[in-house]
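Colleague: This is the structure, below, for whatever I ask next.
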Amino acid sequence: MIEQKKQVYIETYGCQMNVADSEVVLSVLHDKNYAITNDIKSADVVLVNTCSVRENAEQRVYGRLGKFKELKKQKPGMIIGVLGCMAERLRTKLTGEKAKGVGQIVDIIVGPDEYRKMPQLLEQAGGKAKGIAVQLSRVETYDDITPLRTDGISAWITVMRGCDKFCTFCVVPFTRGRERSRTLGSVVKEVEILSARGFKEVTLLGQNVNSYRDNEFDFADLLRSVAEVDRNIRVRFTTSHPQDMSDKLIATIAGNSNICNFVHLPVQSGSDRVLQAMNRTYDSAHYRRLVNAIRTNIPDVSLSTDIIAGFPAETEEDHRRTLDLIEEIRYDGAYMFKYSPREHTPAFSMTDDVAEEIKTRRIGEIMDLQRRISEEKNSTYVGRSLEVLAEGESKKSPDEWQGRTDGNKMVIFPKGDLVVGDYASVKVDRANSATLFGQLIPGSVKRTTTEAA
Ligand code: 5AD
Ligand code: SF4
């Protein structure tokens, strides 16, 4: 008799690293004869890959676990697993005596460096004892595991894991452990395979991607080697720390046509006093010089950033400096957050003394300003022709594709006779703060996938 394969369902929260990690988990399980399902109701194993970076990310997961509890009532044999950063942070809350409420339904708890143990943990799961694996590793990079990718043209590739920067607000060094990098050779090989499979975009990922190191090779060497594999593949990367943004890296982006002219460079604050309290290891003058070097060397570059409002002891003047920096730099986009105290981080012992309504007002001012700048910048593209990669159907219309420019601008345009993975020129006729809209330029389609691929 053929044994029915167990069905696994996974939900992913948080950063792109988690998306990539979920693909590693699915690969490990697929190899052990598990089937992957998108239908939670038919799943034998329900996994949630979690994020701890802000309190609201954790609250969302608790909400989901509440829903899983109802499902498990109807299907008591269902195995529920909590993976990722929350597994690391909350193992005691989710297990043992303290496991109240949703904690009781969790069968396995697996940290980001323990995914190889998933098959074994699942095999033993379902009894009274919970399966727990939350050791952090100094060496695990899953170098030899090919992630199970579902997307057809765009792939995430984790090239380094962990973070050694210890920004005082950030839980990542505690949930993901120390920095370690994959070998350059293994990353290049993975890109070669993706090229043969017809992928058109790779994004190199790391919590601190530009501090990548493999013996004598630094991140610029890795980026160049990846770009050389296939010039029809766009290469992106995230996230960069301003301290590790070298001239060599800037020159490498400028010197390779398929390394996208887009840099995500989190600044966090415009105030030197706050930057120091955050242990960001640079001041605003260094950051301005960097932006200047990037803009001088990489024509038409897009820049985005992360900002935190309401860090402990942030004054109105500190906040004003952040607004001034945003106004001066004129980012193409920004991720903006209210400060959220995280247990175990150095900032947790500082008083969270910026009142909630002040945080809300400050983040509102930052968001309004950034929206206006994004809108102004996007409107300058009206009338221009931009090369766009067709990435998938527009969420709003079945007759239109969505795709991005080299500089990461989202563009919506009629499908014409393009297929996903084609490049084409689009003339922009309208823009808002998030999206450009336009028309295909006849005869501009560039199909780079051969039938054999
Ligand atoms: N509170 C608010 N935002 C945070 N980030 C990281 N930790 C916190 C926190 N405790 C933000 C930073 C980082 C991004 C990924 O999340 O801006 O760059
Ligand atoms: Fe967190 Fe700072 Fe490391 Fe980024 S660089 S992951 S913000 S500690």
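Colleague: Which of the residues spanning the range 362-380 are surrounded by fewer than 20 Cβ atoms within 10 Å (Cβ to Cβ) and of a type in the set (S, T, Y)?
Modeller: S379, T380
Colleague: Quick one: which of V229, V235 is buried (at least 17 other Cβ atoms within 10 Å of the Cβ), under 17 Å from the mean Cα position of the chain (by Cα) and either more than 15 Å from ligand 2 (Cβ to nearest atom) or not basic (K, R) (or both)?
Modeller: None of the other options fit; the residue is V235.
Colleague: Does E391 satisfy the criteria of being away from ligand 2 (no atom under 16 Å from the Cβ), within 21 Å of the chain's Cα centre (by Cα), under 23 Å from T238 (Cβ atoms) and modelled with pLDDT of 95 or more?
Modeller: Yes, satisfied.
Colleague: Out of the residues in the range 259-295 that are among the polar types (S, T, N, Q) and more than 20 Å from R224 (Cβ to Cβ), state the one that is surrounded by the fewest Cβ atoms within 10 Å (Cβ to Cβ).
Modeller: Checking each candidate, the answer is N292.
Colleague: Only one of (1) in contact (Cβ under 8 Å) with a residue 60 or more places away in the chain; (2) assigned to a helix (DSSP H, G or I) is not met by E391, so which one is it?
Modeller: Evaluating E391 over (1) in contact (Cβ under 8 Å) with a residue 60 or more places away in the chain; (2) assigned to a helix (DSSP H, G or I) leaves (2) as the failure.
Colleague: Tell me the residue from D352, D368 that is farther than 23 Å from T239 by Cβ and more than 14 Å from ligand 1 (Cβ to nearest atom), please.
Modeller: None of the other options fit; the residue is D368.
Colleague: Let me ask something additional. From the set of residues in the range 209-221 that are within 17 Å of the chain's Cα centre (by Cα) and either away from ligand 2 (no atom under 16 Å from the Cβ) or surrounded by 21 or more Cβ atoms within 10 Å (Cβ to Cβ) (or both), which is farthest from V235 (Cα to Cα)?
Modeller: Y212
Colleague: Would you point out the residue of the range 103-146, among those that are surrounded by 20 or more Cβ atoms within 10 Å (Cβ to Cβ), free of Cβ contacts under 8 Å to residues at least 60 places away in the same chain and within 13 Å of V28 (Cα to Cα), that is nearest to the chain's Cα centre (by Cα)?
Modeller: This residue is E114.
Colleague: Could you tell me how many of the residues in the range 292-349 are at pLDDT below 95 and within 14 Å of ligand 1 (Cβ to nearest atom)?
Modeller: 2
Colleague: Take R149 and decide whether it is over 18 Å from L83 (Cα atoms) and free of Cβ contacts under 8 Å to residues at least 60 places away in the same chain.
Modeller: no
Colleague: Here's another thing I want to ask about it. If a residue must be surrounded by fewer than 16 Cβ atoms within 10 Å (Cβ to Cβ) and farther than 15 Å from R273 by Cα, how many such residues does the range 296-323 contain?
Modeller: 5
Colleague: Ok, one more. Just to be sure I understand, how many residues within the range 147-169 are assigned to a loop (DSSP other than H, G, I, E, B) and of a type outside the set (D, E, K, R)?
Modeller: 12
Colleague: Something else: Among the numbered criteria (1) among the small types (G, A, S); (2) within 16 Å of ligand 1 (Cβ to nearest atom); (3) under 27 Å from G407 (Cβ atoms), which one does S154 miss?
Modeller: Failing condition for S154: (2).
Colleague: Can you find a residue that is in contact (Cβ under 8 Å) with a residue 40 or more places away in the chain, over 24 Å from P346 (Cα atoms), within 24 Å of the chain's Cα centre (by Cα) and more than 12 Å from ligand 2 (Cβ to nearest atom) anywhere in the range 267-290?
Modeller: The answer is yes; a qualifying residue exists.
Colleague: Next question, about the same structure. Scan V191, V171, V187, V202 and give me the residue that is within 8 Å of ligand 2 (Cβ to nearest atom) and of a type in the set (A, V, I, L, M, F, W, C).
Modeller: V171
Colleague: How do the pairs read when you match residues in the range 237-250 that are closer than 17 Å to M160 by Cα with residues anywhere that are small (G, A, S) and in a helix (DSSP H, G or I), using Cβ under 7 Å and keeping only pairs 6 or more apart or on different chains?
Modeller: H241/S211; D244/S211; L249/A220
Colleague: Going through the range 174-184 one residue at a time, which ones are within 15 Å of ligand 2 (Cβ to nearest atom), surrounded by 21 or more Cβ atoms within 10 Å (Cβ to Cβ) and basic (K, R)?
Modeller: Result: R176, single match.
Colleague: Also: Can you tell me which residue within the range 144-168, out of those that are of a type in the set (K, R) and within 16 Å of ligand 2 (Cβ to nearest atom), is farthest from F217 (Cα to Cα)?
Modeller: Among residues in the range 144-168 that are of a type in the set (K, R) and within 16 Å of ligand 2 (Cβ to nearest atom), the one farthest from F217 (Cα to Cα) is K165.
Colleague: Ok, one more. Has the range 348-357 got at least one residue that is assigned to a helix (DSSP H, G or I) and of a type in the set (D, E, K, R)?
Modeller: Checking the range 348-357: at least one residue is assigned to a helix (DSSP H, G or I) and of a type in the set (D, E, K, R).
Colleague: Same structure again: Being touching a residue at least 60 places away in the same chain (Cβ under 8 Å), assigned to a loop (DSSP other than H, G, I, E, B) and touching a Ser or Thr at 6+ places or on another chain (Cβ under 8 Å) is the filter here, so list the residues in the range 170-218 that pass it.
Modeller: Those that are touching a residue at least 60 places away in the same chain (Cβ under 8 Å), assigned to a loop (DSSP other than H, G, I, E, B) and touching a Ser or Thr at 6+ places or on another chain (Cβ under 8 Å): C170, V171, G177, G198, K200, G206, Q207.
Colleague: Any idea how many residues of the range 239-293 are within 12 Å of L223 (Cβ to Cβ) and of a type in the set (S, T, N, Q)?
Modeller: 5
The values are calculated or read from the model by the stated rules, or taken from the named source; none is laboratory data. This structure is a prediction, so every number in the text was calculated from the model and none was measured. Cβ coordinates were reconstructed from backbone atoms using ideal geometry, including for glycine residues, and neighbour counts include every protein chain displayed.
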